[in-house]
Amino acid sequence: MDGLKILTPTKNSGMPTKKTGIAEYKRIELALREQVGEGNWSIGAMLPSRRALARQYSVSLVTLDRAIGPLLADGTLRADDRRGTFVLRLSGKPLEQEIPETQTARRGPLRLRPEGLDRTAPLVPIRTGSIGIIASLTRDEGQEYFILHELEQVLSQQGFSTTVVNRMPDAAGPSRSLAEAAEAILESNLSALVVLCLDMDMALIATEMSRMKLGALPTVCILAGELALPFPHVFYDNRSGGYQAAQHLAERGWRDLTVVAPFTSTWVSERIAGVQDALAHAPAFLAQAPAPLQLLLGNGDTWDRMSDPRAYGYETTIAALNSGWKPSGGIIGISDGVALGVMEAAAEHGLKAGRDFGILGFDDDPDARAQGLTSLRPPMQGMAREAARLLLEHIGGNDGGLQVRLRAQMIPRASTGRRVLPES
């Protein structure tokens, strides 16, 4: 490919891996239970908004959702569509003792629409049972946690409890395979299964899924790419994400594009392919054809979720700068961590993102917001709700669709501020 530059950085930059704060979800859960138990919120009262509660306890929305989840699951609270969260009963008391007589008299068979479904769809009866979820959770603020919280909330609104098996029980230890996790969770009496796996290569996922003895158990997957097996699955379209990234930079005036991809993976290749698609269609949104795409690659390492992408981005950029490369156009970090490493290396050479070059990343990590990095936010809420919709369809005996492809949302920040060209 024209414009391809392959750089081999040193293996170890000596940079410490950054850690996000540990969420205090249990403390918040107990505080909420105390508020309800002491009558500060009476039965039927609507709680403050999620954002207001998150500000009150100085935590993220993800952490707050994790704290509220158990109260929804045990019936202390209920989430009413998009209206809000309400007190259903006082903590620790039987449900029948706390529902006002006027509500009890007209309870009857309760029927709800599943969250995420078309509002014109027929009402369906609330079901009961347990949904098994295989997940890969390494930190409280990760994408998998956000998706899991949203998924459990939607399923709880439909009367389902959840049983979660984490493939990553110890962040410092080895992960379990999908087949091993399935063997552990299938010992339970499940109504259906969800496989939430964003960390594995798609070919490996297909191999592992084919080994799982699922029988006729309804199974839906939430993945980072398209699955080559006939399982219903929801996934984030990385290729369209690459297209969006290139288009955003070009429209902000950053025309000469460089992709920094210091490791290899299926999703890395898909994002690069999306950038190439955008350049092929550039006349649709540019007045002139762009320069050839430049790739800054590492030494061929395969992506590992336990590694520090920021260190990889830093090393690759330092190697490029030492070789005479100067960032002046648009830069696409293949992930937020990589992009933040690029920004750190550039800053050591007196170059500032949003002024000397435009840069963006993927995944909208908390550090991206703190550093003013433009990022493509994965459709995490949509992935959870679409997976729940597919699951409910299959539990009801309707095959429904086999895949749902979702796009990311661009979150513009200072790092891609519009380029100001010098006066001629």
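Computed from the coordinates by the stated procedures, all read-outs in this text should not be read as laboratory data. Here the structure is a predicted model, which means the values were calculated and not measured. FYI the Cβ positions are ideal-geometry reconstructions off the backbone, even for glycines, and counts take in every protein chain you see.
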Worksheet item: So how do 157-163, 327-333 stack up, highest first, on mean other-Cβ count within 10 Å?
Response: 327-333, 157-163
Discussion item. Over 18 Å apart: what share of the alpha carbon pairs of region 248-344 falls there, rounded to a whole percent?
Written reply: 44
Response to the item:
For L296, the residues 5 or more places away or on another chain with a placed amide H closer than 5 Å to its own amide H are V259, V260, A261
Item to complete: Please compute the net charge surrounding Q56, taking Lys and Arg as +1 and Asp and Glu as -1 over other residues with Cβ under 13 Å from its Cβ.
Response: +3
Discussion item. Could you give each residue of region 317-323 its phi-based ³J(HN,Hα) in whole Hz, using Karplus coefficients 6.51, -1.76, 1.60 with θ = phi - 60°, and x for Gly or Pro?
Written reply: 6, 4, 4, 5, 5, 5, 8
Item to complete: Could you list which residues have their amide H under 5 Å from that of G129, counting only those 5 or more apart in sequence or on another chain, with H placed in the peptide plane?
Response: S161
Practice prompt. Collect residues whose amide H, placed 1.01 Å from N in the peptide plane, falls under 5 Å from the amide H of R252; neighbours closer than 5 in sequence don't count.
Written response: none
Response to the item:
Projecting the Cα atoms of G241, V154, T207 onto the charge dipole of region 150-242, where Lys and Arg contribute +1 and Asp and Glu -1 at Cβ, the residue farthest towards the positive end is T207
Worksheet item: Can you list the HN-Hα couplings for region 51-64, worked out from phi with the Karplus curve (6.51, -1.76, 1.60; θ = phi - 60°), rounded to whole Hz and with x for Gly and Pro?
Response: 5, 5, 5, 4, 5, 4, 9, 6, 9, 7, 4, 4, 5, 5
Discussion item. Explain nothing, just the number: relative contact order of region 224-319, from Cα pairs under 8 Å at least 6 residues apart, as a whole percent.
Written reply: 32
Discussion item. Could you give each residue of region 184-196 its phi-based ³J(HN,Hα) in whole Hz, using Karplus coefficients 6.51, -1.76, 1.60 with θ = phi - 60°, and x for Gly or Pro?
Written reply: 6, 7, 6, 5, 7, 8, 9, 8, 6, 9, 10, 10, 9
Worksheet item: Where does the charge balance sit around A184 when Lys and Arg score +1, Asp and Glu -1, over other residues with C-beta under 12 Å from its C-beta?
Response: -1
Worksheet item: For the residues H349, H248, what sequence is obtained by ranking on other C-beta atoms within 10 Å, fewest first?
Response: H349, H248
Worksheet item: Which net charge results for the neighbourhood of R239, defined as the other residues with beta-carbon distances under 9 angstrom from its beta-carbon, given Lys and Arg at +1 and Asp and Glu at -1?
Response: -2
